[in-house]
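Read the structure below first, then the notes.
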Amino acid sequence: MSSTSMRTHQCGELRAEHIGQTVALTGWVGRRREHGEKLAFVDVRDHTGITQCVVDNDVDVRSEYVVRITGVVRARPEGTVNSTLPTGEVEVGECHVEVLRSAVAPPFPIDARTDDVDENLRLKHRYLDLRRERMQKNLRVRAAVNGAIRAAMERQDFVEVETPMLVPSTPEGAREFLVPSRKEPGSFYALPQSPQLFKQLLMVGGVDRYYQIARCLRDEDLRADRQYEFMQLDMEMSFVTQDDVLDAVSEAVLDAAEAIAGDRPPAIEHITWHDAMNRFGIDKPDLRFGMELVELTDAFVATEFKAFAGAESIKGIRVPARADEFGRNQLDKLTDKAKSIGAKGLVWMKVSADGIDSPVAKFLSEDELAEVGSRLEAEPGDLLLIVADEWMTTCEVLGTLRNDLGRPPVHEGPLKFVWVVEFPLFVGVDKETGHPKPGHHPFTTPHPDDVDKMISDPMSVRSIAYDLVLNGWELGSGSIRIHEPELQRRVFKVLGISDEEAARKFGFFLNPFDYGAPPHGGFGLGLDRLVAILAGEENIREVIAFPKTQSGADPMTNSPIEGDPKQLLELGLRVLPRVD
Ligand code: ASP
């Protein structure tokens, strides 16, 4: 707690040991209650808490007035001690109140009740919203996380280097914000979707270990866990393998978690992408709960049930003790959800002491039903959900249902970090060109054991790319980069990028590698998401001082606003009518 020339203590600081001291407090007026004819109780508040002050009734202070109150600390009269308040044993009496600034009535009360206030109103008056305990706590969690991460990176010999905000477009896949050049009308910079290009060139430049708490900008639709601009622990290392990168990042996030939660989470487990999909149906598994996907394909090799016969993959999940919750309507909804993700259908079974109740039970043999029950370790009262489809679809559908039905709220349970490694090098096929698309970015190293399959079976090639996941949230990604031109050429070839196109598009980035690029790799860790989870918030807007709304607007500054015609002219821009 910090005194200044205007105050001796902060509002959350006074205790019984201060009784008898003359103090000066500064802050905002919270609640005011009349106390008899002559006196009033006034709560004075700052980010550390509130103190009750007893003032003359004729002192004109109202909600949110900024005040300096001097007085003497005394014990509260018996029976009026407030044990829920850290300062609840004392009050300040014989008060002299200076109004430093009067205030108009706030549009919402500045206390916990504000949690129900419409978010737009909160964001319109964010400076008031920030006065609340929850927001003050969140900003401080954020600062502590940044501090712990910085300290961990410095301790590990990483050098903080700042990279530019006005950059060329980079091939990382996100839509970018463009900034028009006034000197060269018609030309544009992009705002960096990450410092990727520069951090790799820092490795060519011999920096060896780089980090930055970097602002990244991506023009993508906003969600609870996504803003246009976000902060990232961005890092890159030379002469390393994957484990070196994972260890360095683990150290930083575990320090951050320990700084906030008090306990250090255990060493972070690794799981391959394939196992994550197979067991949890998703590449960002939430390991706080079970309900793992259980393999059933071989239990139905000889089945007569058409929907299961010949299916590439059959799996099930067990929803423990919840069969009764699911009536016809809810089961139909689950089926619709499964279909919306691409499944042909969803089989449900309710387990009771008498056996299994399911619309498909009559198509399955006794042995098959018994096998399902035993593999899923079914107990009376359980609901079982089964999907038979292509492997990916089966995994994705059950992974979604597992999360929908089992995922705890963000603040519950332990912190479960997991590294997901060996992501596929290519994901899906470009509809226009028919070539595979890069899973991470085109500079990601293929897994050495799979390089030979790049032409014959590209979709099965794994990469040295990894994600860090916490409680089912993807915190970030990274990879070991390609530093040899021959391997880069082979990857470009699979992607359908010719030598000429590569030289034109990526020459400015790759040519410097010819001067001696060391083997290198790195990672980008989304700090907003990490802070949100550590602060127990479901939405990253709650841990950002001045976020945009879901529609990308800032109601406080009214941005974005229309371009000023003079400015547009100077930039050589004309605005066309909007086409959607
Ligand atoms: N540039 C990547 C990202 O922002 C991270 C990395 O590969 O280092 O996701």
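Quick note: the coordinates plus some simple rules give every number you see, no bench work behind them. In this text the structure is predicted, and so the values were computed from the model without any measurement. When we count neighbours, we look across all protein chains shown, and the Cβ atoms used for this are built from the backbone with ideal geometry, even at glycine.
Miscellaneous remarks
- Cα point-scatterer Debye curve for the range 440-485, base-10 log of I(q)/I(0) at q = 0.17, 0.24 Å⁻¹: -0.55, -0.87
- Anchor Lys199: aspartates and glutamates whose Cα lies under 15 Å away (excluding residues fewer than 8 positions away in-chain): Glu160, Glu162, Glu172, Asp208, Asp234, Glu236
- Overall dimensions of the range 332-410 as given by Cα atoms, namely Rg and Dmax in Å: 13.1, 42
- The fewest-to-most ranking of Lys333, Lys437 by surrounding Cβ atoms within 10 Å reads Lys333, Lys437.
- Prolate/oblate/rounded call for the chain, Cα gyration tensor, a/c under 1.5 rounded: oblate
- For the range 422-529, convex hull of alpha carbons as volume per residue, Å³: 129 Å³
- Kirkwood Rh in Å, taken over the range 302-346 so that all alpha-carbon pairs contribute: 12.3 Å
- Cα centroid of the range 208-279 to Cα centroid of the range 139-172, whole Å: 11 Å
- Descending Cα extents along the principal axes, the range 19-172, whole Å: 72, 37, 27
- Within the range 259-361, the GluC sites (Glu not before Pro) that combine a DSSP coil assignment with at most 11 other C-beta atoms in a 10 angstrom radius are Glu304.
- The Cα center of the range 451-477 and the Cα center of the range 30-68 differ in position by 59 Å.
- The orientation-averaged projected area of the convex hull spanned by the Cα atoms of the range 175-245 comes to 6.7 nm².
- In the chain, the calculated helix contribution to ellipticity at 222 nm averages -8000 deg cm²/dmol per residue, counting -39,500 (n - 2.57) for every DSSP H run with n ≥ 4.
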